[in-house]
Amino acid sequence: MDTQIRTNHGLVKRNYAEGYLLMMLIAFGASVMGTRLFLELTGYPQLGGGTFHFAHLLWGGLLLFAGALLPLIFVNRVMYTISAIMTGLGVGLFIDEVGKFITATNDYFFPLAAPIIYVFFVGTVILYLIVRGRREQGPRTALYAVLDHLSDVIDHDLDSRERQHMMGWLNATLNNRSATDDMRVLAMHLLEVMNDPALDIYPRRESWWERLGAALVKFEQRYLRRTLMRFLTGILLIIFSISSLLALTVTVLALIDPATRDSFLAGALLDADPRFSGPYALLWEMVLIALQGLIGLIAMLSGISILLGRDDIGTRVAFVALIINLTTVNLLTFYYEQFAAVLATIFQVALILVLMRYRQRFILKTKTTEVLSKLVTQPVMPEINASGG
């Protein structure tokens, strides 16, 4: 055995890390929106009254603290799920009060608070996508995953699929040239345990979301064929573009007509929320309308392209336009419209998911099939004899 191997404390991604991050994201978004909705419906009550005011930031801090403590105290894997949910709820309650702590007047409704919360949420989404897309294949990653799943053996919860995954990781470790001798020894012994007839394997219980996912896949394969999906995707893009194009059209027509220009600008200034006052407030609002109109025009053209059968280029352009809208244009949208922009944002995210699913089912799959077909039908070149025979 090699005794010259250095200690390796390199970071290894936790098994199912993206799942925990997704739970945290959902809890984060639900926490912020639930808090805002509750306060709006109840007239913004204050807990404490008189001298004291227990802001919900404090409850968020307590949830964050509890979420950090649980996985430090308990070894059970379910604690990661509870910790992820508590962390999401806590950070939502905490950051919801950011307006109070960036202004001298402790203004909870300060317009910049909504974009800050939105940027923080989008940043966490990007982190989730990075973690989800990261695929580590080394022997250390495989063995850490096996050790994590050994808790199912202790808890009498190991099913056939988990056992199959564990055996796959162990075999991958044995076949990996970068695996050290001690890794191979550990993998061999664990493989013996997995193959032991005395090991109890329990019936697999499908979770409700797995059953729901299977039902949705079955539904789309039966009813949502390519023609219908092309029509729905194109129409959804056109619907998304209409409101933006209407706002831009009304603004342009009002500004180019001398008879309506002054009254339009005066009305815009009078109707503006006093919190948005400033020398550039109206200018930035015009910039927002222009950007939304541009994105709307691109979405309209993409939707028409998809309806006309040019779905590859149409879905590509629409996807890029929506990503730009979510990551940049929506910053101004949240500044001016505050949390009223949430429903539109949810619709945009749903539209992106529809585009991704459409490309996955009908475009990428078709291209892969065409490539494989060419490889299968490609004639094999005759082997040339070096001696000329």
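A few comments on the model shown:
- Stokes-Einstein translational diffusion, the stretch 63-180 - Kirkwood Rh over all Cα pairs, 1.002 mPa s, 20 °C, in µm²/s: 120 µm²/s
- Taking 203, 115, 71 in turn, the Gaussian network model of the chain (Cα-Cα springs below 10 Å) assigns the largest fluctuation to 203.
- Extension gain, residue 181 to residue 320, is 45.3 nm, computed as 0.36 nm per intervening residue step minus the present C-alpha separation.
- Karplus-derived 3J(HN,Hα) values for the stretch 71-76, using 6.51 cos²θ - 1.76 cosθ + 1.60 with θ = phi - 60°, are x, 7, 9, 10, 8, 4 Hz; glycine and proline are entered as x.
- Using θ = phi - 60° and Karplus 6.51 cos²θ - 1.76 cosθ + 1.60, couplings along the stretch 29-40 (whole Hz; Gly, Pro as x): x, 5, 5, 5, 5, x, 5, 4, 5, 4, 5, 5
- Annotation: for a label point projected 7 angstrom from Cα along Cα→Cβ of residue 46, residues of the stretch 104-137 with backbone N closer than 13 Å are 106-108.
- Cα shape, the chain, gyration tensor, a/c 1.5 rule: oblate
- Overall form of the stretch 217-366 per C-alpha gyration tensor (a/c, 1.5; a/b vs b/c): prolate
- Taking every alpha-carbon pair under 8 Å whose residues sit at least 6 apart, the stretch 17-133 reaches a relative contact order of 35 percent.
- Taking the fewest neighbouring Cβ atoms within 10 Å as the starting point, the ordered list for 160, 151 is 160, 151.
- Gyration tensor (alpha-carbon) shape descriptor, the stretch 139-195, a/c threshold 1.5: prolate
- The distance between label points at residue 105 and residue 247 comes to 2.5 nm (points 7 Å beyond Cα on the Cα→Cβ vector).
- Residue-averaged [θ]222 nm for the chain, counting only DSSP H segments that reach four residues, each worth -39500 (n - 2.57): -23500 deg cm²/dmol
- The residues 182, 312, when put in order of fewest to most other Cβ atoms within 10 Å, stand as 182, 312.
- Non-local lysine pairs in the chain, meaning eight or more places apart or on different chains, with alpha-carbon distances under 30 Å, amount to 5.
- For residue 159, the residues whose amide H sits under 5 Å from its own are 202, ignoring neighbours fewer than 5 places away on the same chain, with H placed 1.01 Å from N.
- Note, ³J(HN,Hα) from phi for the stretch 145-153, Karplus 6.51, -1.76, 1.60, rounded to Hz, x at Gly and Pro: 5, 5, 4, 5, 7, 5, 4, 5, 5
Coordinate-derived values only; no laboratory data. Just so you know, these numbers come straight off a predicted model, no measurement behind them. We place every Cβ from the backbone using ideal geometry, glycine too, and count neighbours over all the protein chains shown.
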